[in-house]
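Note sheet for the following structure.
Values quoted throughout were computed directly from the atomic coordinates according to the rules given, and no laboratory measurement underlies them. Because the structure is a prediction, the values reported are computed rather than measured. Quick reminder, even Gly has a Cβ in these numbers, built from the backbone with ideal geometry, and neighbours come from all protein chains shown.
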Amino acid sequence: MVAGSGGGGGGGGHIRLKGWQQAAVALGSAFGALLDPRRADLIAALGETTGKPFFERVLQRMKMTPEGRAILLERPRVISSNVGHAWDLPENTFGAAYARFMGSRNFSPDDRPPVRFMDSEELAYVAMRAREVHDFWHTLFGLPTNLIGESALKVIEFEQMLLPMCVLSVVGGTVRFNEKQRALFFQHYFPWATKAGLRCTDLISVYYERHFDEDLEDVRKRLGIIPAPVLPKQN
């Protein structure tokens, strides 16, 4: 069992905003994120200021499943001290695949920005959880972390959680595609992502850390995951 170390909420100080302040932060974050989609802090702020009603629905869904309720009760955090054991698991396991994904990109699970603009500790945790399982989803769907891969995953995230931020991220990503990338995305990745996001289970309610030692393909099958298409190499 993964302990809920790292804080019960979103891992940062909470700032209560009035309606006009939320709108101002949302607009500023949206504009900045469109200019530079690599700004994780702006994407996070946009998700929080526009996503409250959607995170409330996610929270209610989590309360309806045993794993979702366990997550809300224990509040596990995807941080190095909790998931470091994944690097020692057998090669075929989901945990080892996650470790390879993170290690090959020199990513750290501790790099996610904190949640700042949620009204309650419970909603802040749900928003943080959605942020922290992003790399689990990359691993399960077999998606790269390039512009095409991130845009495709945002399509799946939108279908799973309906967050407006996901739509803006897809728009911001696709306008930066070159001609070859645009053709690849709309001919292959976008149709796949729309199907994959609808077919799989409610992914936010999965207690991923409990499945680290299970075979990756078994986890994918149980969750209804359709891996990303394998395309011919580009010149």
Next item on the list: Return S205, S104, S151 ranked ascending by Cβ neighbour count within 10 Å, so the fewest neighbours appear first.
Entry: S104, S205, S151
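What is the order of Y189, Y207, fewest Cβ neighbours within 10 Å to most?
Y207, Y189
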Margin query: Can you sort I71, I204 from fewest to most other Cβ atoms within 10 Å of each residue's own Cβ?
Written below: I204, I71
Notebook entry, point to check: Between F94, P76, V58, whose Cα lies farthest towards the positive end of the dipole of region 51-103 when Lys and Arg beta carbons carry +1 and Asp and Glu beta carbons carry -1, centred on the Cα centre?
Noted result: V58
Item checked: Within region 91-105: backbone nitrogen closer than 14 Å to the D215 label point (7 Å, Cα to C-beta) -> 91-94
Next item on the list: For the pairs K52/K180; K52/K154; K63/K221, note any where the Cα-Cα span goes beyond 27 Å.
Entry: K52/K180
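So, R0 is 35 Å and r is the distance between the beta-carbons of T194 and S81; what FRET efficiency does that work out to, to 0.05?
Numbers: r = 37 Å, r/R0 = 1.05.
Efficiency, rounded to the nearest 0.05: 0.45.
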Item checked: Computed lengthening from D88 to S108, 0.36 nm per intervening residue step minus Cα-Cα distance -> 5.6 nm
Item checked: Residues of region 153-182 with amide N under 17 Å of the 7 Å Cα→Cβ point at R100 -> none
Notebook entry, point to check: Classify region 90-235: rounded, prolate or oblate, from the alpha-carbon gyration tensor (a ≥ b ≥ c, eigenvalue square roots; a/c under 1.5 rounded; otherwise prolate if a/b is larger than b/c)?
Noted result: oblate
Margin query: Residue by residue through region 184-195, what is 3J(HN,Hα) from phi via Karplus (6.51 cos²θ - 1.76 cosθ + 1.60, θ = phi - 60°)? Round to whole Hz and write x for glycine and proline.
Written below: 4, 5, 7, 8, 10, 6, 5, x, 4, 4, 5, 6
Note to self: Using the crude model of +1 on Lys and Arg Cβ and -1 on Asp and Glu Cβ, and no other charge, please compute the dipole size for region 69-152 relative to its Cα centre, in debye to 20.
What the structure shows: 60
